[in-house]
Structure formats: C-alpha cells, structure tokens
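Engineer: The following block contains the structure, expressed as structure tokens.
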Amino acid sequence: MIERAGAASFDHTLHGGALPTRVQWRFREDTSLPVSVQTWEFPPGGSEGAHVHPVGEEALEELYLLHEGHATMSLDGVDHELRPGDAVLARAGVEHDLRNTGDATARVTIIWGPPGVPVDWTRFATGQKSDAARRSETTD
C-alpha cells in the first residue's frame, strides 16, 4: 500500500497557532497501528500553538521529526532550535509548541497516540545496535 505526498491533505490551524498548517494524515483509515502519523507543513512564521496533553485517561505523547526547514520547539517554556533530522518527544503533561523560525516551509512528521507499555526491542538486530550506539555515546 502506498500513499503519495500531498494525498488528501488539508489546511488546519492547530491549537490556536499562527497561520494554517498543511496536514496530511497518513493511512488514517488503513492502518491498525495505535498511533496517528501525519505530515505537517508550516509556512514561515507558522506555529502549532502552545498546548498540553493532560496526564491520565486522555494522555497523548507526540514525536516530532523535522525533515526540512528550521524550527523551534518549546518544551515547558524552554526553547530548542531544531535542524533537519532532529526529533523531539513531547510527553503527556509537557506544554509544547512547534514554530517555523525559518524563511521556508518547515516539513515535519508527527507521530502521536496514547502512551503504551514499553516494548523490548532487543530481539531485533537494529534494537541491539541502537542500544550499543547509545552506550558508546555515554562512555565517550
């Protein structure tokens, strides 16, 4: 199954943010994964709008992966400058806001859903290599 870039995309103002964001909800009706996968395109000066997903029954976590452009993510009032390839995890209960701080469109993949039970990924070779890479970073 394939879904082309831009398929069924729409403009939406997120959480009272500045300027409409172009949103594509990937495989919305076709996947059984327990998360939403979306592509957002923020125009220059666009923002998501500061918001919090509460802890508890309605909790959501969001993972942001910047592909193109320049952006700033605020997490509980602390700004973090992002470059293409950087990722941010906004856990439930953390106020967050993504802003396009560049002169061109910022393209981001957002994966969000309710927090679940941690998975042991070590049965996969990539999980083992990821663990080793993280261990080597902390010992350098």
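Engineer: For Thr122, only one of the following conditions fails: (1) exposed (fewer than 13 other Cβ atoms within 10 Å of the Cβ); (2) within 16 Å of the chain's Cα centre (by Cα). What is its number?
Structural biologist: (2)
Engineer: Failed condition for Met73, given (1) in contact with a Leu (Cβ under 7 Å, 6 or more places away or on another chain); (2) on the phi > 0 side of the Ramachandran plot, with all others met?
Structural biologist: Met73 satisfies every listed condition except (2).
Engineer: Conditions first: (1) of a type in the set (A, V, I, L, M, F, W, C); (2) at pLDDT 95 or above; (3) farther than 20 Å from Asp103 by Cα. Leu66 passes all but one, so which condition is the exception?
Structural biologist: Of (1) of a type in the set (A, V, I, L, M, F, W, C); (2) at pLDDT 95 or above; (3) farther than 20 Å from Asp103 by Cα, only one is false for Leu66: (3).
Engineer: Is it fair to say Thr122 is assigned to a helix (DSSP H, G or I) and within 24 Å of Ser36 (Cβ to Cβ)?
Structural biologist: no
Engineer: Out of the strands (runs of 3 or more DSSP E) lying entirely within the range 1-113, which hold 1 or more residues that are open to solvent by less than 40 Å² (accessible area, probe 1.4 Å)?
Structural biologist: 21-26, 36-42, 61-68, 71-75, 78-82, 87-90, 96-100, 106-113
Engineer: Which of the residues spanning the range 95-132 are of a type in the set (Gly, Ala, Ser) and within 20 Å of Val55 (Cβ to Cβ)?
Structural biologist: Result: Gly113, Gly116.
Engineer: Would you mind finding the one in Glu29, Glu3, Glu41 that is among the acidic types (Asp, Glu), closer than 15 Å to Arg107 by Cα and out of contact with any Leu (no Cβ under 7 Å at 6 or more places or on another chain)?
Structural biologist: Glu41
The values are calculated or read from the model by the stated rules, or taken from the named source; none is laboratory data. From a predicted model like this one, the values you see are computed outputs, not experimental measurements. Reconstructed Cβ throughout: ideal geometry from the backbone, glycine too, with neighbour counts over all protein chains shown. These accessible areas exclude ligands, DNA and RNA; they are computed on the full protein's heavy atoms, side chains included. Shrake-Rupley method; radii C 1.70, N 1.55, O 1.52, S 1.80 Å.
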